[in-house]
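So the structure is just underneath, and the comments pick up after that.
Please treat every number below as a calculation from the coordinates, not as lab data. Everything numeric in this text was worked out from a predicted model, so none of it was measured. Using ideal geometry, Cβ is built from the backbone for each residue, glycine included, and neighbour counts are taken over all protein chains shown.
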Amino acid sequence: MFLPTRRWALVMLSCVEVLTATGIMFGWSSLSIALRREGTYAELCDDGESGCDAQALRLNAVYTAGAFCVPLGGMIWGPLMDVKGAKWTRAVGMCVFSAGCLLFAFADSKTFDAYVPAACLVSIGGMANFLSHFVIAEYFAECVAFQDKSGLQGESARHFFRSRVPLIRIK
């Protein structure tokens, strides 16, 4: 059965969203290298030293906060998605994610140290985006190939989320 192009466009958009806006904290090794190159927390090191333990500890604290907020986001957004729905969850979650991205963009370890809240907002907002994609199978309810396949769709979304990790680490 031929499904409208609009639905397949939604599936493709969902795949792109999951690959680009969820699991950002699991690409921390690359992000950490970029932050070190920019001199984030370099003021904690002695003069002339390119990296030190104090800098590494602060960057690890940012990662720890962000990684902790990923499952925390699931605990927050899961019940909210049941009450408010997937569209609301996606819209609010992307606003939270965008706020985290803006905080990362404007954060400076010397004057405006907002890396920990930015990591938390990116993780929590990304989880909302991730969870909101579990309902995509409902748009294909009349298609015989997708009937009773919400578990298959859920596993596909989880695999897209997991495939995000190797994509970030490729140099």
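On full extension of the chain, what length is gained from W88 through F106, given 0.36 nm per residue of separation minus the C-alpha to C-alpha distance?
Stretched fully, the W88-F106 segment lengthens by 3.8 nm.
Can you give the FRET efficiency to the nearest 0.05 for E138 and S98, using r as the Cβ-Cβ distance and R₀ = 30 Å?
Plugging the Cβ-Cβ distance into 1/(1 + (r/R0)^6) gives 0.70.
So, in nm, how far is label R37 from label N60 when the simple model puts each one 7 Å beyond its Cα toward the Cβ?
2.4 nm
Take every Cα pair under 8 Å in the stretch 80-137 that's 6+ residues apart, average their separations, divide by the length, and report that relative contact order as a whole percent.
It rounds to 43 percent for the stretch 80-137.
What are the residues whose amide H is under 5 Å from the amide H of D113, where those residues sit 5 or more places off or on another chain and H is modelled from the backbone?
Amide H neighbours of D113, under 5 Å, 5+ apart: D108.
Could you give me the ³J(HN,Hα) list for the stretch 45-59, computed from phi with Karplus coefficients 6.51, -1.76, 1.60 and θ = phi - 60°, whole Hz, x at Gly and Pro?
So the Karplus estimates, Gly and Pro as x, are 8, 5, 4, x, 8, 7, x, 8, 5, 5, 5, 4, 5, 5, 5 Hz.
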